[in-house]
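Below is one structure; the comments refer to it alone.
Bear in mind these aren't lab numbers, they're just calculated from the coordinates by the rules spelled out. Not measured: the values here are computed from a predicted model. Because the Cβ atoms are built from the backbone with ideal geometry, glycine has one as well, and the counts that use them run over all protein chains shown.
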Amino acid sequence: MKVDPLPMPSREERRMAAVQAHALLDSEPEAEFDALVSLAADMLGCPVAALTLADRDRFWVKSAVGPLPSEMPRKVAFCDHTIEAPDLMMVPDLTRDPRFAANPFVTGEAATRFYAGMPIRVPDLDGTPQAIGSLCVMDASPRSLSAAGERTLRHLARLAEALIAARAIARRATAMAELSDRQAEDLRAKEHTVRQVERLALIGSWRIDLADGHATWSEGVYRIHELPPGKTFTVEQGLSYYPPQSRDQLRSTIEQTIQTGESFDIELDFITALGRRRRVRVMGEREMLDGRASGVVGMFQDVTERHLLETQLRRNADTDALTLLANRAAFDRALETAITEASANDTPLGLVLIDLDGFKLVNDTLGHPAGDEVLRVVGQRLRSDWLDGCFVARLGGDEFGVIVQDPTLLADPERIRTRIEALLIIAVTAEGLTMHCSGTVCLTTLPPGCATTRDFMHHADSRLYGAKRERVGERRRGDRRQNDRRQGDRRQDDRRQAG
């Protein structure tokens, strides 16, 4: 599609643009221009002098000496010819010039016979001089200016142009000053808003200067550190507010960003200047200057409350509400991770499965509150100090699981089993009736070639059920032996009574 070029502005349009740019039309009187016009009248011995400006259809008098109207139509203004002249225009006798003989300013009562004027030119936006008005003198008698008078009028016209230029510079300076004041006020307002946002969002900004290793912090960063604003810090001094592990992680992250240019966004533990433990989010990116890394800039946010909430939600999602142990979903994830680590590092891994004996009888006889109490006691006992390094979970119903990775504990599997069995001997009383509960415990180590949670659990379940059957068999054999003893005792009693 062909686009026609915009038409070039006409000469008059360019001239009017220059007039309007200087904002002289209809402006208030100014002493500098009044003094210049008065000087022209005195030096050239003329009763009338004026500085005029050419609008589209009129000439407006900026300053004048003598009887002159404040404005006049361009078609009758002598100055309309002056702005078209290349230099000084002088008419010794206006009545003898066909351009002006019938002019009302010549034929009227206050007849003007002599006129001399110099065009006033100022540069437009392209730097091209544009005639915007004139400096002129007039008299009621025919006359002319001497060569010295002509030079004087030219000099005074240049002074008028200089005044106009100075005025324009002063206006621009004033406008710039006003703009600067507005921008400064806007900046103060924005800084105030930023500080408010930092306070509300618990956030701040920071910058590390790689040249001197010093860090610059916003007010929000000082607030999170619980420090008064103003003190400067080196990178290492700033890192000292992090625990060792978090400190090392942040240091290496910043170094990687400097080397690779990759931005970062991490969360770390943090300790304030007052010793309060917090959780912070640190974001950063590399700053380049002349092709070289000059700094690292970023944001710093206190996310403690959000972190605690997320942690609590995760804990709730992974915790059995009754026993306060981990639930089956958390157990499955932990066991999968443990199997992967054990296979990769060739380290021992043990899985303890627990099934409560007598729990159903307690539940059916004494009621669900008594059964819940048994489960709570089991949960409490399985949180014993010696199992701190193990992952303990309620798998469902009266079944529990323990993941053991400690080589010291796994060195004596029988001791683990017997100690856990001792924890599971529980007595519960309700409405004057006391019942006992215990547990079957089976510890299985990860078999060679077993790489999945399902296979490991199946293997451990099979051994648990075998142990359970053996335990039930032992109980039944014990019951039979006890019954046999009771029957023998009764027979002996019967023989004594018969004898």
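Quick notes on this one:
- For region 365-418 versus region 72-86, the inter-centroid distance based on Cα atoms is 109 Å.
- Rounded to 0.05, the FRET efficiency of the D364 and D406 pair, given R0 = 41 Å and the Cβ-Cβ distance, is 0.60.
- For region 20-74, the set of trypsin sites (Lys or Arg not before Pro) satisfying both a DSSP loop assignment and a count of at most 12 other C-beta atoms within 10 Å is given as R56.
- Cα-Cα P(r), region 29-117, percent of pairs per 5 Å interval: 3, 14, 23, 28, 23, 8, 2, 0
- Per-residue HN-Hα couplings for region 356-371 [Karplus 6.51, -1.76, 1.60; θ = phi - 60°; Hz; x = Gly/Pro]: 6, 9, x, 5, 4, 5, 4, 4, 6, 8, 9, x, 4, x, 5, x
- Solvent-free Debye scattering, log10 I(q)/I(0), computed from the Cα coordinates of region 229-319 at q = 0.16 Å⁻¹: -0.75
- Between T232 and R182, the contour length at 0.36 nm per residue exceeds the Cα-Cα span by 14.9 nm.
- Taking all pairs of distinct alpha-carbon atoms in region 68-162, Kirkwood radius in angstrom: 14.0
- Aspartates and glutamates with Cα under 14 Å of K231, excluding same-chain neighbours fewer than 8 positions away: E219
- Relative frequency of Cα-Cα separations exceeding 29 Å in region 321-492, percent: 27
- Bridgeable aspartates and glutamates around K75 (alpha carbons under 14 Å apart, same-chain partners fewer than 8 residues away excluded): D55, D57, E84.
- Computed over the chain, Cα set: Rg, Dmax in Å: 51.0, 181
- Each residue of region 61-75 was assigned a 3J(HN,Hα) from its phi angle through the Karplus expression (A = 6.51, B = -1.76, C = 1.60, θ = phi - 60°), giving 8, 6, 8, 8, 10, x, x, 9, x, 6, 7, 7, x, 5, 5 Hz with x at Gly and Pro.
- Sparse-neighbourhood loop sites, trypsin sites (Lys or Arg not before Pro) in region 266-307 - DSSP loop, at most 16 other Cβ within 10 angstrom: R276
- The alpha-carbon of K468 sits under 12 angstrom from the alpha-carbons of these aspartates and glutamates, leaving out residues fewer than 8 places away in its chain: D355, D357.
- Restricting region 244-275 to GluC sites (Glu not before Pro) that sit in a DSSP loop and have at most 14 other Cβ atoms within 10 Å of their own Cβ leaves E262.
- Using θ = phi - 60° in the Karplus curve 6.51 cos²θ - 1.76 cosθ + 1.60, the 3J(HN,Hα) couplings for region 281-296 round to 10, 10, 10, x, 8, 7, 10, 10, 9, 6, x, 10, 5, 10, x, 10 Hz; x is entered for Gly and Pro.
- Label point of A23 set 7 angstrom out along Cα-Cβ; within region 98-131, amide nitrogens under 19 Å from it belong to 122-125.
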